[in-house]
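Read the structure below first, then the notes.
We did not get these values from a lab; they are worked out from the coordinates using the rules stated. Because the structure is predicted, anything quoted here is derived from the model rather than measured. Here Cβ is always computed from backbone atoms with ideal geometry, including for glycine, and neighbour counts include all displayed protein chains.
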Amino acid sequence: MRALAPQGVDEVVDFAGKVTDVSLELLRGGRSNARRLASIVDSGVRAAGGRYVFVRPSSADLLALGELADAGKLTVPVARVFPLARAGEALAVNKEGHTRGKLVIEV
């Protein structure tokens, strides 16, 4: 990520956990912009000034979704696909709030 954005990034969303320090280093402005760090897995992010977004993981729900997808009964509309280098553009499109379908960032 540092190679793609040597000046840092505007926001970080943590989906893995236990990466708060590294994430803060990636933020433009570092710890002073900790409010631009969010995690769905690590509530400890709050201690650094970030936001914890609670999600209720459910293996039963994921299994049901997988079965629907395997049966061809679940479709996810994709509005646009962005390469990782244009993730900022994807965020801007998302903030407009008029997207019908998912925005995908291709890694």
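Things to note:
- Principal-axis tilt of helix 87-96 within the chain, Cα atoms, nearest 10 degrees: 70
- Sorted ascending by nearby beta carbons within 10 Å, beginning with the fewest, 32, 59 become 59, 32.
- Sites count as exposed loop sites when they are trypsin sites (Lys or Arg not before Pro), lie in a DSSP loop, and have at most 15 other Cβ atoms within 10 angstrom; the longest stretch of the chain without one is 29-72.
- Folded to 0 to 90 degrees: helix 59-70 orientation relative to the chain principal axis, Cα: 60
- Close amide H partners of residue 51, meaning residues 5 or more places away or on another chain with modelled amide H under 5 Å apart, are 37, 38, 39.
- Rounded to the nearest 500, the 222 nm mean residue ellipticity of the chain from helices alone is -8000 deg cm²/dmol, with -39,500 (n - 2.57) taken per DSSP H run of at least 4 residues.
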